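Q: One structure is given below, represented as structure tokens, and several questions about it will come after.
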Amino acid sequence: MIPDPGRYEGIDDDVYHQGEGWVDLLNNSRLGYMTRSDLYCKHMIDTSEIDRGTKDTDYGKGIHCCVLEPNEFDGRFMLEPLNDAGRNPRGWHSTNDYKALKLDLTSRGFTVLPQKHLDGCRRIRDRVFSAEGKIREILQATAATEVSYVADDPETGLRCKVRPDMELPDAEMFCDVKKTRDASLPAFTRAIGTFGYHRQKPFYLDIASAEGTQQWKHFLFLAIEDTEPHEIALYDLDPAATEYGRRELRRLKARYLECINSSNWPGYSSEVQTIGIPNWKYYQEEEEYE
């Protein structure tokens, strides 16, 4: 059954992403698949957008837990199984013994991480909660974490979902944690374009506001480096980029609705297409000859 519009607390992460009814709701990630091709989006829908639980995604879950539910981390994440000698030799993960030990832990609700990722999560927890300035203010003012919102998109009528990491109702603000290799301003600017964060901000604000509990006006990104020294940066997407993201969302939602109504999900063109090099290569050439 498709969830009704509303504000939902306590929805399990797996239910939100893959639960019956919930998996049919439109989210920003699904629209991101449309930027590759409509056919690719349909493929991801048909495979239920499966989270395969790689080491990297599990590390990301651990980082989120350390920031959003720091007291829960040690009860939900454990060291991955080691052999009888207490080691993790090459090929160990392919053995039946490792698979059986891991299955025992995961069936009891644990997520297993290698030692370096466990240590990284704990360092990040200490780093985040020792931060000063606006980061500390946001952590102290956060009223709830990982609340799910369901609403019908005002423009298309498509039922959508969003799940901001942190909400600060008094400030009409959401804040989202982003694991990244490089949180510097130039690098995270590139990440915004690569991962569609410029769409996430307006999508979350518009859908959560359409749900009707209250209006949401602000959205910040808390970028956390996943390697030492685990630098942290707080970013607010500028108005021009936000409106660009909203325009892109409008085009993608219209295409998504057309695909749904026509049951036609086209892929790449079968005609010859002219291709060149990215613009930055031309800029590079100009700089070399200056």
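The values are calculated or read from the model by the stated rules, or taken from the named source; none is laboratory data. Note that this is a predicted model, so its numbers are computed, not measured. Every residue, glycine as well, gets a Cβ built from its backbone with ideal geometry; the counts of neighbours run over all protein chains shown.
Q: Considering only residues of segment 188-208 that are among the small types (Gly, Ala, Ser) and in contact (Cβ under 8 Å) with a residue 40 or more places away in the chain, which is farthest from ARG246 (Cα to Cα)?
A: Restricting attention to segment 188-208, the residues satisfying the condition of being among the small types (Gly, Ala, Ser) are 191, 193, 196, 208.
From the residues that got through so far, the ones that are in contact (Cβ under 8 Å) with a residue 40 or more places away in the chain too are 196, 208.
Working: GLY196: 11, ALA208: 14 Å.
That would be ALA208.
Q: Further question: Determine if segment 164-172 includes at least one residue that is assigned to a loop (DSSP other than H, G, I, E, B), out of contact with any strand residue (DSSP E or B) (no Cβ under 9 Å at 6 or more places or on another chain) and surrounded by fewer than 18 Cβ atoms within 10 Å (Cβ to Cβ). Talk me through it step by step, then tell me what you get.
A: Taking segment 164-172 first, the residues assigned to a loop (DSSP other than H, G, I, E, B) are 164-165, 172.
When the remaining residues are screened for being out of contact with any strand residue (DSSP E or B) (no Cβ under 9 Å at 6 or more places or on another chain), the result is none.
No, every residue in segment 164-172 fails to be assigned to a loop (DSSP other than H, G, I, E, B), out of contact with any strand residue (DSSP E or B) (no Cβ under 9 Å at 6 or more places or on another chain) and surrounded by fewer than 18 Cβ atoms within 10 Å (Cβ to Cβ).
Q: Can you confirm whether THR106 is surrounded by 14 or more Cβ atoms within 10 Å (Cβ to Cβ), without any contact (Cβ under 8 Å) to a residue 60 or more places away in the chain and hydroxyl-bearing (Ser, Thr, Tyr)?
A: Details: surrounded by 14 or more Cβ atoms within 10 Å (Cβ to Cβ): no; without any contact (Cβ under 8 Å) to a residue 60 or more places away in the chain: yes; hydroxyl-bearing (Ser, Thr, Tyr): yes.
No; evaluated as a whole, the condition is false for this residue.
Q: Being without any contact (Cβ under 8 Å) to a residue 12 or more places away in the chain, of a type outside the set (Val, Ile, Thr), in the same structural domain as PRO5 (by TED's automatic domain parsing) and farther than 30 Å from GLU258 by Cα narrows it down to one residue among GLU167, GLU137; which is it?
A: Only one candidate qualifies: GLU137.
Q: OK, next. Go through segment 1-100 and tell me which helices (runs of 4 or more DSSP H), entirely inside it, have 3 or more residues that are out of contact with any strand residue (DSSP E or B) (no Cβ under 7 Å at 6 or more places or on another chain) and crowded, with 16+ Cβ neighbours inside 10 Å. Outline the logic, then answer.
A: Details: elements: 13-18, 28-34, 38-46, 55-68, 73-76.
It comes to 28-34, 38-46.
Q: OK, next. Among what's in segment 109-163 and is outside any strand (DSSP E or B) and among the hydroxyl-bearing types (Ser, Thr, Tyr), pick the residue that is surrounded by the most Cβ atoms within 10 Å (Cβ to Cβ). Give the derivation first.
A: Kept after step one, since they are outside any strand (DSSP E or B), are these residues of segment 109-163: 109-110, 114-143, 146-147, 153-158, 163.
Cutting the leftovers down to among the hydroxyl-bearing types (Ser, Thr, Tyr) gives us 130, 142, 156.
Working: SER130: 10, THR142: 19, THR156: 16.
Ranking the qualifying residues of segment 109-163, first place goes to THR142.
Q: Still on this structure, please answer the following. If we scan segment 268-276, do we find a residue that is without any contact (Cβ under 8 Å) to a residue 60 or more places away in the chain and in a helix (DSSP H, G or I)? Spell out how you get there, then give the answer.
A: Going residue by residue through segment 268-276, those that are without any contact (Cβ under 8 Å) to a residue 60 or more places away in the chain are 269-276.
When the remaining residues are screened for being in a helix (DSSP H, G or I), the result is none.
No, segment 268-276 contains no residue that is without any contact (Cβ under 8 Å) to a residue 60 or more places away in the chain and in a helix (DSSP H, G or I).
Q: Residues LEU234, LEU252, LEU222: which one is touching a Cys at 6+ places or on another chain (Cβ under 6 Å) and at pLDDT 95 or above? Steps first, please.
A: Working: LEU234 fails: touching a Cys at 6+ places or on another chain (Cβ under 6 Å); LEU252 fails: touching a Cys at 6+ places or on another chain (Cβ under 6 Å).
Testing whether each residue is touching a Cys at 6+ places or on another chain (Cβ under 6 Å) and at pLDDT 95 or above leaves just LEU222.
Q: Taking segment 76-125 only, how many residues are acidic (Asp, Glu) and within 15 Å of THR227 (Cβ to Cβ)? Don't jump to the end; show me each part of the working.
A: Within segment 76-125, the subset acidic (Asp, Glu) is 80, 84, 97, 104, 119.
After this cut, where a residue has to be within 15 Å of THR227 (Cβ to Cβ) as well, the list is 119.
Matching residues across segment 76-125 total 1.
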